[in-house]
Amino acid sequence: MGHGRLVLYTASSMSSPPLLSLSDLRVCAGDRPIVHGIDLTIHEGEVHALMGPNGSGKSTLVSALAGHPAYTVTGAARFNGEDLLTMPPDERAIKGLFLAFQYPREIAGVSLRSFLLAAHRAWSEAGRTERLSPLQFDRALKKEMEALSMDPSFADRPVHKSFSGGEKKKTEILQMTMLRPRLALLDETDSGLDVDALKIVGQGINRLREMTKHQAPMTRFPNPQSPIPFPLSSSPTTRASWNTSCRISCT
């Protein structure tokens, strides 16, 4: 199995306090260690790409950061200056942490529109965003769906129910653009997408970064040799760190 790679695309000043800071973070599933100590600092406006072979711990890392109960996490993780590991998953989301799943789950009986409206209201009640009226929300939803070339009828369908792989990934990006999180963790967003859909998703990510100027997506690409058919906005400053063990180990 080849070495993984961590690539950091810097797009903002390093003088600002970090948005996410991980120190000797270790993740276990039961008695099995998966992430063997990671140190990583992410500032606002940056794009980080975690690259490595299957089983190297990338999906486990982002799931653990989002608060998945199946994992035991030790070490330190601070999000916007607060202890991330003491927060329940819903509080992490309210604080602005977003995870786009590699394999999004279906939610039967809940329309995409209702799901997004409920999330928007929760974020607005927490002061994360300005509350929109139902009419304003529908207009914003229609605009974002058009930008992602999504059929507007999908808004009235159950979340991810009978969606294709590409439609599910577009729906994940739609959630991100509607909520505008502070940090987006995108787990293998290219999976299940053809070239045209991948371009649309990439444009959606870049458009959100331009709108917010606070977006710091952490994006994983499964194969370092595969071409990426869209540009992720970044400054000329790029740093790459090779790991040494087929397990995420960053310094």
Links exceeding 19 Å between C-alpha atoms in this model, out of LYS58/LYS170; LYS95/LYS142; LYS142/LYS168; LYS95/LYS143; LYS58/LYS161; LYS161/LYS199, come to LYS58/LYS170; LYS95/LYS142; LYS95/LYS143; LYS58/LYS161; LYS161/LYS199
Taking R0 as 25 Å and r as the Cβ-Cβ distance between VAL110 and SER153, the FRET efficiency 1/(1 + (r/R0)^6), rounded to the nearest 0.05, comes to 0.95
Within the stretch 68-90, the residues whose backbone N lies under 18 Å from a label point placed 7 Å from the Cα of ASP24 along the Cα-to-Cβ direction are 72-78, 83-86
Expressed in angstrom and rounded, the centroid-to-centroid distance over alpha carbons for the stretch 98-117 and the stretch 44-70 is 20 Å
Treating only Lys and Arg (+1) and Asp and Glu (-1) as charged, each at its beta carbon, one finds that the stretch 66-134 has a dipole about its Cα centre, in Debye to the nearest 20, of 160 debye
Descending packing, highest mean Cβ count within 10 Å first, for 164-176, 134-146 is 164-176, 134-146
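Where a number appears in this text, it was derived from the coordinates with a stated rule and is not lab data. Remember, predicted model here, so these are calculated numbers, not experimental data. Cβ atoms come from the backbone with ideal geometry, glycine included; neighbour counts cover every protein chain shown.
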